[in-house]
Amino acid sequence: MNRKFPICLMLGALLTSILFSCNEEDNSDELTVYSNSVVISAFSLQENGNVMDNLDTVFFTIDLDRGLIYNADSLPMGVDVSNLKVNMTYAESASAEFHVTNGKWMRDTVFKYNSEDSIDFTGDVKFKILSMDMSNEKTYTIKVNVHQIEPDTLYWSRFARRDLPSFTAPKDQKTVQLQDKLYCFIQDEKGYVMSVTSDIFANQWEKTRVELPFTPLLQSFMATDEALFILDSDKALYTSTDGLTWTSCGLSWYSIIGSYNNTLLGVIKEGDVYKHAQYPESEGFVSTEVPEDFPIEGVSQMVKLESRWAVSDQKLMIGGVLANGNYCKHTWGYDGSVWGIISRVEATLGQLKGITLIPYYCTYLDSETLNSFSEPLLLAMGGELSDGTRVDVVSMSIDNGLTWTVANECLQLPEYIEPFSFAQAFVVDKTFTESRGMSDTWVEMQTKLPASMRISSRAIKPITTWECPYVYLIGGVNEHGILYNNIWQGVINRLTFKPLY
């Protein structure tokens, strides 16, 4: 979300003869003095509905130190900026001229400012102002920025794609998160590999060949808040704190479903009856038979929901295989003690197993205020139908799994990511630091004024760093059960742009 602060108007009202502005290259209290005779105190585009609605409300920063005028929040992709009129406020001057080069139709043009003249902002635009007494001159670079990429697209970079962290060609894998690390358990051509990273952005994995006294079922690999768990081929349950040394829990489970805080959740089978299981068992827990429409295996990752209304943490999962062999058609939720059906999903998602569930965001630009927004949502992608077909449509829920719809086109997977099931996804924040370059990452103007001349503002301090959530999509198998040797990195483009406040 962006808020517009009338910096330029404040400057015009406060200063009559001189303007003090901080030099961003110097963090000291030294002030740079500018003559008011060459200061542009206001700049805006004129209304033009043929170009874009509310064009005249686009906010422009005036950076006196660097002689820059620009819109930090770029216009939507595709907006034509080759014929725009502007409004500017500055003192009476001896001359005030635009110099435009390399534009779409202004190749090398010089003309005096007139609010009725159109300017070609596809080129390099400079504005030169000379004071009335000819003692001061200043040149401004004016940039009307337009997004060069679709900002609300969930973009999966081919250049950021990586192989799975194995020593030889991987045959199977499962990745989980334990605290601040990702653990990727891989079976390759020569055995088993445990790869661990706390910096997936740098693709820095610590890979260790693991010798196990049992044959693990990699798809049962799971993490609670404090430990790792896995089943072996005889369905015996094992635990570890580092993925290298494993200890038997002395239990036999049919499957591992997920985790809730420090409790492992699963299913046991007694005769022909499937029952809920916990490890360690909470006080008062009684293993009861699972409902006939509860999945006993093949479920999505369990995702924690953020809700200010819930008394306890809520987690949910979708899809999976029922005891009768059919596929689950519900979203199931768990609050630490009770399982419950949240919604029916077969009409939108289909009845699937191996779905990838991701808590993420959608972004959009308000066409009236030109403010950008982000909203949390759940994304469901991939999965396998009962006939073995992989789903290639991404679905979304904006109400914590109560209802599902086909996701917007900008959230669909690109053609170069082939249909899959049983992939894992993790959302990891990356810290961005401001850049002084004129790109989609901007530096805000800081105006340093004497205390007696300052006006209280909602902006406490300029933003220099911010967190951007990236999605990592790991592994997955095709319709023949062959593992994809892929780690994909995705992000909604708008989330990489510097917030304006």
Legend entry - Qualifying positions in region 169-187 - within 24 Å of Ser421 (Cβ to Cβ) and surrounded by fewer than 18 Cβ atoms within 10 Å (Cβ to Cβ): Ala169, Lys171, Gln177
Legend entry - Qualifying positions in region 335-358 - part of a strand (DSSP E or B), over 18 Å from Tyr254 (Cβ atoms) and either open to solvent by less than 60 Å² (accessible area, probe 1.4 Å) or modelled with pLDDT of 95 or more (or both): Gly340, Ile342, Ser343, Thr356, Leu357, Ile358
Inset, instruction - Please tell me if Thr89 is in a strand (DSSP E or B) and within 29 Å of Lys498 (Cβ to Cβ). - result: yes
Legend entry - Cβ-Cβ under 6 Å pairs, at least 6 apart or on other chains, region 275-302 side at negative phi, far side hydroxyl-bearing (Ser, Thr, Tyr) and open to solvent by 50 Å² or more (accessible area, probe 1.4 Å): His276/Thr288
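Filter region 50-69 for residues that are in a loop (DSSP other than H, G, I, E, B), among the charged types (D, E, K, R) and either open to solvent by less than 10 Å² (accessible area, probe 1.4 Å) or closer than 12 Å to Val39 by Cα (or both) and give the result.
Asp65
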Inset, instruction - Would you mind stating whether Asp313 is acidic (Asp, Glu), more than 28 Å from Trp205 (Cα to Cα), open to solvent by 20 Å² or more (accessible area, probe 1.4 Å) and within 37 Å of the chain's Cα centre (by Cα)? - result: yes
Inset, instruction - Select from region 77-100 the residues that are under 15 Å from Ser118 (Cα atoms), open to solvent by 40 Å² or more (accessible area, probe 1.4 Å) and in contact with a helix residue (DSSP H, G or I) (Cβ under 9 Å, 6 or more places away or on another chain) and list them in ascending order. - result: Asn87
Inset, instruction - Name every residue in region 150-168 that is among the hydrophobic types (A, V, I, L, M, F, W, C) and either open to solvent by 60 Å² or more (accessible area, probe 1.4 Å) or touching a Pro at 6+ places or on another chain (Cβ under 7 Å) (or both), in order of residue number. - result: Trp156, Phe159, Leu164, Phe167
Inset, instruction - Kindly establish whether Val267 is modelled with pLDDT of 95 or more, among the β-branched types (Val, Ile, Thr), part of a loop (DSSP other than H, G, I, E, B) and surrounded by 15 or more Cβ atoms within 10 Å (Cβ to Cβ). - result: no
Inset, instruction - Kindly list, by first and then second residue, each pair from a residue in region 380-403 that is touching a residue at least 60 places away in the same chain (Cβ under 8 Å) and in a loop (DSSP other than H, G, I, E, B) to a residue that is open to solvent by less than 60 Å² (accessible area, probe 1.4 Å) and among the β-branched types (Val, Ile, Thr), limited to pairs with Cβ atoms under 7 Å and residues at least 6 apart or on different chains. - result: Gly382/Ile355; Gly382/Thr356; Gly382/Val391; Gly383/Ile355; Gly383/Val391; Gly401/Thr331; Gly401/Ile342; Leu402/Ile342
Inset, instruction - Could you please find all residues in region 316-327 being touching a strand residue (DSSP E or B) at 6+ places or on another chain (Cβ under 9 Å), assigned to a loop (DSSP other than H, G, I, E, B) and open to solvent by 20 Å² or more (accessible area, probe 1.4 Å)? - result: Ala323
Inset, instruction - Can you tell me which residue within region 368-424, out of those that are β-branched (Val, Ile, Thr) and touching a helix residue (DSSP H, G or I) at 6+ places or on another chain (Cβ under 8 Å), is surrounded by the fewest Cβ atoms within 10 Å (Cβ to Cβ)? - result: Thr369
Inset, instruction - Please enumerate the residues belonging to region 130-149 that are open to solvent by 40 Å² or more (accessible area, probe 1.4 Å) and in a loop (DSSP other than H, G, I, E, B). - result: Met132, Asp133, Met134, Ser135, Asn136, Gln148, Ile149
Legend entry - Only one of Phe127, Phe121 that is in contact (Cβ under 8 Å) with a residue 12 or more places away in the chain, assigned to a loop (DSSP other than H, G, I, E, B) and surrounded by 13 or more Cβ atoms within 10 Å (Cβ to Cβ): Phe121
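The values are calculated or read from the model by the stated rules, or taken from the named source; none is laboratory data. Because the structure is predicted, anything quoted here is derived from the model rather than measured. Virtual Cβ from ideal backbone geometry, glycine too; neighbours counted across all protein chains shown. Heads up: the accessible areas ignore ligands, DNA and RNA and are worked out on the full protein's heavy atoms, side chains in. Shrake-Rupley method; radii C 1.70, N 1.55, O 1.52, S 1.80 Å.
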